[in-house]
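See below for the structure under consideration.
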Amino acid sequence: MKAKANAKQKRLAEGQKRKELWAPKKAAQAKDVPPAPLRPAVRRMEDYPQQSPEEETREFLEYLEKYGDTIRKDDTLPVKRKGKTGAGAGVLNLEEGMPTVAEAVSRMHIGLQEMKAGRVKAVKLIHGYGSTGRGGKICAGVRQELADMKRKKLVRDFIPGEDFGPTDAASRKAVELDGGLARDPDYGRMNHGITMVLF
């Protein structure tokens, strides 16, 4: 019983000693530290040191030289595999506003140039099939122009909408290049009113 009382007294004495040791430090810290602001100060772009592009490049190269070996590929990130992922096709509506064949073909040329400049791999042209059901003039004009562009190697290939699906060899090849094409709503639907263009 006496041993328990002694142990308890010893613990209390150690606790008191610790309090006495820390008390002056806490008091000094309380005096030196100003009260925290209610919200952090907003820094403007002018507050940051400005560097020239040469200095930024030099700094980046120094960083690579110093830490280049430690930078490694993160295994947790998904790996891009052929045919599995892809952006899919860009869309270009040629029948909007009921244009003439010449206007639609001109619109197609401009749109395809913009898409190619934007590094789009495939473009879905919406040209319609005409109200007669025998194929519209725009559809025929666009496909004739695409055949000419393919001959001149301005486009890699084009796939008529009625062929665009899993049974067509050209479509399967396109899906191998960009897996996103398989998720296109017109894939396998035999839509005569579209044409897929591949770059």
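Taken together, the values in this text are just the output of simple stated rules run on the coordinates, not laboratory data. In this text, all values refer to a predicted model and were calculated from it rather than measured experimentally. Don't worry about glycine lacking a Cβ; one is built from the backbone with ideal geometry, like all the others, and counts go over all protein chains shown.
Computed quantities for the displayed model
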| quantity | calculated |
| --- | --- |
| Cα-projected label distance for S106 with R18, points at 7 Å along beta-carbon direction, nm | 8.6 |
| Residues V105, V142, V197, sorted so that the one with the fewest Cβ neighbours within 10 Å comes first | V105, V142, V197 |
| Interchain or long-range residues, amide H under 5 Å from G165's placed H | S171, G188 |
| Computed over region 90-198: relative contact order in percent, which uses C-alpha pairs under 8 Å that are six or more apart | 31 |
| For M108, M190, M115, order by how many other beta-carbon atoms lie within 10 Å, fewest first | M190, M115, M108 |
| Under 17 Å between alpha carbons - lysine pairs in region 90-198 that sit 8 or more apart or on different chains | 10 |
| E95, E103 arranged by Cβ crowding within 10 Å, fewest neighbours leading | E103, E95 |
| In sequence order, calculated HN-Hα J values of region 93-106 (Karplus, 6.51, -1.76, 1.60; Hz; x Gly/Pro) | 8, 9, 8, 5, x, 6, x, 6, 4, 4, 5, 5, 5, 5 |
| Ordering of 168-176, 149-157 by packing [mean C-beta count within 10 Å, highest first] | 168-176, 149-157 |
| Computed over region 90-198, Kirkwood Rh from alpha-carbon pairs, angstrom | 13.9 |
